[in-house]
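For reference, the structure discussed in these notes is given below.
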Amino acid sequence: FFLPTITFVILLSCRWIGILALYTVHKGQFNCPGGGLLHSYLLVLLILLASIICALSALVYISMQGTISNPGPRKSLPKLLYTRLLLYLPEFIWAVVGAVWVSDSSVRCEKTVINVIIGTVIASWVIIIFTIIGVVIVFDPLGGKKTFYLTDTVNRNLESSQSGQLLYNVKNTATRVWEKRIRLLCCCIVQDDDHRVAFTSIAELFRTYFSDTDLVPSDIAAGLTLLHQEQDKMESCPKEPEVVLCHSPSSLVADDLDIELENAAHYMLFAAAAYGWPYYIYTNPFTALCKLNGDCCGNRPTDSDITGSDRHNFHFGSILKITGLQYRDFIHISFHNKIYEIPFFVALDHKKEAIVVAVRGTLSFEDILTDLSADCEDLTLEDVLENGFVHKGITQAANYIYRKLINDGILNQAFTIVPEYKLVIVGHSLGGGTASILAIMLRNSFPTLRCYAFSPPGGLLSKSLADYTKHFIISVIVGKDLVARLSMPNMEDLKRRIVRIVANCNRPKYQILLRGCWYEVFGGDPDNFPTELDGRNHDALTQPLLAEESLMVHRSPSYNALEDESHLNSPPQYPHLYLPGKIIHIVEESSSRRLCSSDIKYTARWSNETVFSSILISPKMITDHMPDVVLKALNSLSQEHGSCISC
């Protein structure tokens, strides 16, 4: 409560000082009909605000005591919260009284005085309304119910008992709460049966993930900033020799890498172009609208070549600008977008003699729902593998595009025009994951196809499928990209790391957050926070501390995972899914920033899926995923290779 409460204290103190100044200035102007009422309103309001500020100041002081896992010094906090809650009643009543008195026609004071009172009344109502909205947003309807967690063995023993029914009701309630939250976030989109099934599936996933921890958002923020600083300290240490040597490729492998980097830089243009006008305007904020308004109207393909809505032809015009192709080079363009149905286009790339299928990444609420439908489903390939696990939502999106390409004869039409061209499938983010699974589906029919997946989701393919795709899929990952490391096992690992580092830190949360904000904005040396782990021997580190137990619901999978023996003997809660194909990892080697420009040098190397088995915390974990950053890195490496050849 420290940060929100101290913010309220500052705002209310400024308001109290302002009202006091106005009361002092206009003190002699209340000798008018109804002036006594207005005088009483301001006087009582000053007393009421002073009481609220005192209660909030006490909340701030108590919130500063103890640590995240040691709430003992904060045991009086509930009483202070109830005291503040009781003060809302006179505050609300006095706001109503002020509104009535100000609107009373019998009050005939100076206009300046009345305007001052109107301003204070409006401010009171604004604060009350925003407080109610804030409480509605942060209120957890589950409350203490989510701490009721039992293992599957106990569940089976209690199926017919009252406790078993209670457990079922708690889980069902938690799923409904998450489903309502998701529906509220997606209230602006048309909802059908597919949406309802997706909402339930995603709600069940969130319920499972969050049901066994007792962490609030500020705890998670504190954990992330501690993990970032710990990670930076580890990166500053010298690396093991074998870690460095394993990335020293032979000349043959290096040549192969240079070729793939040049191809990736070329095809990334198509993956970026699939985003349409949002990407074009984002990368050309000052000139894009003028260029699109001037050029788009005359360059539209026939109606049979395009599906979906493209108002003012901005999407197609942007694709033309980004790729540099002519409108006659496009075989099919789809802007149709629903859950599990994402936009794509098919074009002829005469420079590389390829038929390119470019799949768009996440750009809408429907795409986010497709991303979050992260259940696993089987993908059986005839004459290739017995079966493999894949990401459910992305697989359904790939199935949609597969049906369009094959059943609607789009690929047949393309190969009729240029039978000698090869098939290349590209995409970024969600588009990269969809392109990868689509390539697996088309591999038997088109043995020479290639796929370039830029920043695909990490939890995509099972190990057998990931190994199979190394022959025809290239994944390109930049830096500490979060999405490339996103999988349910990695998220579980991140949750356990947050619980451990937060629970074992001996500093109050407000100090962690303030120091973390300073570190993220201004940099400096990572803070060396003292922890309960200091001085413990290695054997003791395998057991959870009391502080960790207080933040993990007893006998939950995450709690058991803190214990070494239980973690080894129990099956994984989620199957491990991996990145597709061979992986090119691009990292920032050096950066020399000037006032008006920045010069960043990148290096690239072949990597493997184990490098992405843990989520890295960094300010660049989001920016490294952006398509313009990926394109910039690839162009930089491609130009560097070209200049070396010319030399």
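The values are calculated or read from the model by the stated rules, or taken from the named source; none is laboratory data. Since this is a predicted model, take the numbers as computed values, not measurements. When we count neighbours, we look across all protein chains shown, and the Cβ atoms used for this are built from the backbone with ideal geometry, even at glycine. These accessible areas exclude ligands, DNA and RNA; they are computed on the full protein's heavy atoms, side chains included. Shrake-Rupley method; radii C 1.70, N 1.55, O 1.52, S 1.80 Å.
Quick rundown of the values:
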{"quantity": "1 or more residues of a type in the set (Val, Ile, Thr) and under 29 Å from the mean Cα position of the chain (by Cα): qualifying helices (runs of 4 or more DSSP H) within the range 400-500", "calculated": "430-442"}
{"quantity": "Test: Gly433 is surrounded by 24 or more Cβ atoms within 10 Å (Cβ to Cβ), at pLDDT 90 or above and in contact with a Pro (Cβ under 6 Å, 6 or more places away or on another chain)", "calculated": "yes"}
{"quantity": "Scope the range 14-59; condition in contact with a helix residue (DSSP H, G or I) (Cβ under 9 Å, 6 or more places away or on another chain), of a type outside the set (A, V, I, L, M) and in contact (Cβ under 8 Å) with a residue 40 or more places away in the chain; matching residues", "calculated": "Arg15, His26, Gln29, Phe30, Cys32, Gly34, Gly35, Tyr41, Ser57"}
{"quantity": "Condition broken by Gly317, with the remaining ones in (1) part of a helix (DSSP H, G or I); (2) crowded, with 22+ Cβ neighbours inside 10 Å; (3) modelled with pLDDT of 90 or more satisfied", "calculated": "(3)"}
{"quantity": "Test: residue in the range 332-347 that is among the aromatic types (Phe, Trp, Tyr), touching a residue at least 60 places away in the same chain (Cβ under 8 Å), open to solvent by 10 Å² or more (accessible area, probe 1.4 Å) and over 24 Å from Pro627 (Cβ atoms)", "calculated": "no"}
{"quantity": "Contacts under 9 angstrom Cβ, first residue in the range 277-294 being crowded, with 16+ Cβ neighbours inside 10 Å, partner at pLDDT 85 or above and not in a helix (DSSP H, G or I), 6 or more apart", "calculated": "Tyr279/Leu363"}
{"quantity": "Filter result for Asp525 (surrounded by fewer than 20 Cβ atoms within 10 Å (Cβ to Cβ) and among the acidic types (Asp, Glu))", "calculated": "yes"}
{"quantity": "Pairs with Cβ under 7 Å, 6+ apart, first in the range 87-102 and under 13 Å from Leu48 (Cβ atoms), second assigned to a helix (DSSP H, G or I) and open to solvent by 30 Å² or more (accessible area, probe 1.4 Å)", "calculated": "Leu87/Ser51; Trp94/Val44; Ala95/Trp125"}
{"quantity": "Residues satisfying the stated conditions in the range 621-638, i.e. assigned to a helix (DSSP H, G or I), more than 9 Å from Ile586 (Cβ to Cβ) and in contact (Cβ under 8 Å) with a residue 40 or more places away in the chain", "calculated": "Met621, Ile622, Pro627, Asp628, Val629, Leu631, Asn635, Ser638"}
{"quantity": "Residue within the range 77-84 that is part of a helix (DSSP H, G or I), without any contact (Cβ under 8 Å) to a residue 12 or more places away in the chain and farther than 26 Å from Gly98 by Cα present", "calculated": "yes"}
{"quantity": "Test: residue in the range 358-374 that is aliphatic (A, V, I, L, M), modelled with pLDDT of 95 or more and either buried (at least 17 other Cβ atoms within 10 Å of the Cβ) or under 14 Å from Ala435 (Cα atoms) (or both)", "calculated": "yes"}
{"quantity": "Cβ-Cβ under 6 Å pairs, at least 6 apart or on other chains, the range 121-135 side open to solvent by 40 Å² or more (accessible area, probe 1.4 Å), far side assigned to a helix (DSSP H, G or I)", "calculated": "Trp125/Ala95"}
{"quantity": "The range 467-509, residues that are open to solvent by less than 40 Å² (accessible area, probe 1.4 Å) and farther than 20 Å from His625 by Cβ", "calculated": "Thr469, Phe472, Glu492, Lys495, Ile498, Val499, Ile501, Val502, Ala503, Asn504, Cys505, Pro508"}
{"quantity": "Hits in the range 252-305 (condition: β-branched (Val, Ile, Thr), out of contact with any Phe, Trp or Tyr (no Cβ under 7 Å at 6 or more places or on another chain) and modelled with pLDDT under 80)", "calculated": "Thr302"}
{"quantity": "Identity of the residue in the range 172-213, assigned to a helix (DSSP H, G or I), out of contact with any helix residue (DSSP H, G or I) (no Cβ under 7 Å at 6 or more places or on another chain) and of a type in the set (S, T, N, Q), that ends up least open to solvent (accessible area, probe 1.4 Å)", "calculated": "Ser201"}
{"quantity": "Any hit, the range 385-395, residues being touching a residue at least 60 places away in the same chain (Cβ under 8 Å), part of a loop (DSSP other than H, G, I, E, B) and out of contact with any Asp or Glu (no Cβ under 6 Å at 6 or more places or on another chain)", "calculated": "yes"}
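Let's see how each residue does on (1) closer than 26 Å to Asp212 by Cα; (2) modelled with pLDDT of 80 or more:
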position	(1), (2)
Glu492	yes, yes
Arg497	yes, yes
Pro508	yes, yes
Leu514	no, yes
Phe529	no, no
Gly535	no, no
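This table checks each residue for (1) open to solvent by 20 Å² or more (accessible area, probe 1.4 Å); (2) modelled with pLDDT of 90 or more; (3) of a type outside the set (Ser, Thr, Tyr).
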| position | (1), (2), (3) |
| --- | --- |
| Leu37 | yes, no, yes |
| Leu43 | yes, no, yes |
| Ile53 | yes, yes, yes |
| Ser57 | yes, yes, no |
| Pro73 | yes, no, yes |
| Tyr88 | yes, no, no |
| Phe92 | yes, no, yes |
| Val96 | yes, no, yes |
| Trp101 | yes, no, yes |
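Conditions tested, residue by residue: (1) open to solvent by 10 Å² or more (accessible area, probe 1.4 Å); (2) at pLDDT 95 or above; (3) more than 11 Å from Val357 (Cβ to Cβ).
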site: Gly409; (1), (2), (3): yes, no, yes
site: Gln413; (1), (2), (3): yes, no, yes
site: Gly427; (1), (2), (3): no, yes, no
site: Ile440; (1), (2), (3): no, no, yes
site: Ala453; (1), (2), (3): no, yes, yes
site: Pro457; (1), (2), (3): yes, no, yes
site: Leu460; (1), (2), (3): no, no, yes
